[in-house]
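So the structure is just underneath, and the comments pick up after that.
Nothing in this text is a laboratory measurement; each read-out follows from the coordinates by a stated rule. Everything numeric here is computed off the predicted structure, so don't read it as measured data. For neighbour counting, all protein chains shown are included, and Cβ atoms are generated from backbone atoms with ideal geometry for every residue, glycine included.
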Amino acid sequence: MAAAVFAISIAADLAGMHAQTLRTYDRLGLVTPHRTSGGGRRYSRRDVELLREVQRLSQEEGVNLAGIKRIIELTNQVEALQARVGELLNEVEYLKARRPSRGELVPVPRSNALVVWKRRPL
């Protein structure tokens, strides 16, 4: 099933905004919709939710547009990092399952010795 996408007029209605506001937010890089081959904007449900959040931050919290852009950037960064942590945790579990006897961590005494390590192929 394809994800729903909306033309700018529908997205503006769903977000409770004027279409020109959506164009401004796109130009500022706050909410960047997908584009058709002809250049028309197509907004996803996630884009509409983001538009509502921009409006809430602006009107209810008094955050300016530059602040909102930074909040969005940081939120995206946190989501990407959380996804990466999930991938790494899955990899750790996979490696533990493949080599259960070598899955334990052991303390290594401090020294100035040089240790050369080469990863074995999986």
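Quick notes on this structure:
- Panel values: the chain, Kirkwood radius from alpha carbon pairs, Stokes-Einstein at 4 °C and 1.567 mPa s, translational diffusion coefficient 70 µm²/s.
- Point-to-point label distance, Glu60-Thr32, nm (Cα→Cβ direction, 7 Å offset): 2.7 nm
- Spread of Cα-to-Cα distances over 10 Å intervals beginning at zero, given as percent, for region 7-76: 21, 57, 20, 2
- Of all complete DSSP H helices in the chain, those with a Cα span along the helix axis of 27 Å or greater and a mean Kyte-Doolittle hydropathy of -0.5 or more are 65-98.
- Electrostatic bookkeeping for Asp26 treats Lys and Arg as +1 and Asp and Glu as -1; over the other residues with beta carbon under 10 Å from its beta carbon, the sum is +3.
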